[in-house]
1. In the range 41-56, what residues are in contact with a helix residue (DSSP H, G or I) (Cβ under 9 Å, 6 or more places away or on another chain) and in a helix (DSSP H, G or I)?
2. Output the number of residues of the range 41-52 satisfying the condition of being closer than 17 Å to A65 by Cα and open to solvent by 60 Å² or more (accessible area, probe 1.4 Å).
3. Does any residue of the range 66-74 turn out to be outside any helix (DSSP H, G or I), open to solvent by 90 Å² or more (accessible area, probe 1.4 Å) and modelled with pLDDT under 90?
4. Criterion first (open to solvent by 60 Å² or more (accessible area, probe 1.4 Å), at pLDDT below 95 and assigned to a helix (DSSP H, G or I)) does D3 satisfy it?
5. Which residue is farthest from V71 (Cα to Cα), if the candidates are limited to the range 25-40 and must be open to solvent by less than 70 Å² (accessible area, probe 1.4 Å) and not in a helix (DSSP H, G or I)?
6. Would it be correct to say that E16 is part of a helix (DSSP H, G or I), modelled with pLDDT under 85 and not basic (K, R)?
7. Restricting to the range 6-24, give me the number of residues that are surrounded by 10 or more Cβ atoms within 10 Å (Cβ to Cβ) and either among the polar types (S, T, N, Q) or closer than 17 Å to N52 by Cα (or both).
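The values are calculated or read from the model by the stated rules, or taken from the named source; none is laboratory data. All values derive from a computational prediction rather than experimental measurement. Note that each Cβ is placed from the backbone with ideal geometry, even for glycine, and that neighbours are counted across all protein chains shown. Side chains are part of the model used for accessible areas, which takes the heavy atoms of the whole protein and leaves out ligands, DNA and RNA. Shrake-Rupley method; radii C 1.70, N 1.55, O 1.52, S 1.80 Å.
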Amino acid sequence: GCDEAVRIFLARELSEAEGERFEVSEEEADMELARVPLADLVRGALAGELHNNCLVVGALSLSAALAGDGVDALR
């Protein structure tokens, strides 16, 4: 088991930022930025192709919220 607590936030109405970006280093250097449709994330999570637990929990939670009471019902 694990007693680690993680908070996952839903960001909405995102847009590209203007100006200089900071230079990534260390573990951030290998991170890839991508906008992926929710359906693709859910498929990848259920197929075992995604290995980031926060990504999987966030994608499945959003999918369940959209299929149920909507995102305003999330805490």
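1. Correct list: L41, V42, G44, A45, L46, L55, V56.
2. Taking the range 41-52 and keeping what is closer than 17 Å to A65 by Cα, we get 41-43, 45-46.
Add one more test, that the residue is open to solvent by 60 Å² or more (accessible area, probe 1.4 Å), and what stays is 43, 46.
Here the count works out to 2.
3. No, every residue in the range 66-74 fails to be outside any helix (DSSP H, G or I), open to solvent by 90 Å² or more (accessible area, probe 1.4 Å) and modelled with pLDDT under 90.
4. Details: open to solvent by 60 Å² or more (accessible area, probe 1.4 Å): yes; at pLDDT below 95: yes; assigned to a helix (DSSP H, G or I): no.
No.
5. S25
6. Values: part of a helix (DSSP H, G or I): no; modelled with pLDDT under 85: yes; not basic (K, R): yes.
No.
7. If we filter the range 6-24 for residues that are surrounded by 10 or more Cβ atoms within 10 Å (Cβ to Cβ), which is where we start, we get 8, 10, 24.
Still in the list and also either among the polar types (S, T, N, Q) or closer than 17 Å to N52 by Cα (or both): 8, 10.
Counting residues in the range 6-24 that are surrounded by 10 or more Cβ atoms within 10 Å (Cβ to Cβ) and either among the polar types (S, T, N, Q) or closer than 17 Å to N52 by Cα (or both) gives 2.
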